[in-house]
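Following: one structure in structure tokens, then a few remarks.
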Amino acid sequence: SANEGNETLSKMPTSPLDTLDFSNNANPVVFERSSLQALAINDPWEAMNRRIYHFNQRADEYVLLPMVKGYRFLLPSFIRTGIHNVFSNLGDVSNLLNSILQLKPARAAHTTGRLLLNTTVGLAGIFDPASALGLTQQREDFGQTLGFYGVQAGPYVMLPLLGPSNVRDAGGRAIDISAGTQINYINNADIK
């Protein structure tokens, strides 16, 4: 019986994903090859990623979720919606810049219209009339721009407090954040 156990182990595939059967059926419920490729994650920093994941989990549980509950308790939903809309409107500046960098003129025009409408009629973005008119937000980030120009995604990385990403998108996020801090949204003069 010990030999039977060893034979069973030796017959097991080296990758459990190798045992999956594929169907040529066009049914969208069927597990597809692209889904299989998505499961093959490049994670050379697994030990570090797991530690950061557990840190994020504890930060969510003990710090961030209580803050969210307090925020929801203190502010009525219409004020929370207005705050969300303002930050969403500011995010459209980055979306616009990345659409231009990705050579997507239709998407850039769409985002420009959305930005102008929400900034003027929507009172600096407090309201979102653009979405009501069918101009939904189309997110673009610098990670996507790097991908557009052929930069590979790189290994999986878990970012503290921000969650899962890959090296390209993490770098792109850093560029988006630093570029956002350089924009003078309210046109105030620097006094030196």
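The values are calculated or read from the model by the stated rules, or taken from the named source; none is laboratory data. All figures in this text were calculated on a predicted structure; none of them were measured in a lab. Neighbour counts are summed over all protein chains in view; Cβ atoms, including those assigned to glycine, are modelled from backbone coordinates with ideal geometry. Just so you know, the surface numbers come from the protein's heavy atoms only, side chains and all, with ligands and any DNA or RNA stripped out. Shrake-Rupley method; radii C 1.70, N 1.55, O 1.52, S 1.80 Å.
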Unmet criterion (only one of (1) of a type in the set (V, I, T); (2) under 17 Å from the mean Cα position of the chain (by Cα); (3) open to solvent by less than 60 Å² (accessible area, probe 1.4 Å)) for I175: (3)
Residue tally, condition in contact with a Gly (Cβ under 9 Å, 6 or more places away or on another chain), crowded, with 20+ Cβ neighbours inside 10 Å and not hydrophobic (A, V, I, L, M, F, W, C), over segment 99-149: 5
Conditions (1) of a type in the set (A, V, I, L, M); (2) in a helix (DSSP H, G or I); (3) out of contact with any helix residue (DSSP H, G or I) (no Cβ under 6 Å at 6 or more places or on another chain); number of the one not met by I175: (3)
Output for segment 74-118, where each listed residue is among the hydroxyl-bearing types (S, T, Y) and under 22 Å from F142 (Cβ atoms): S88, S94, S99, T111, T112
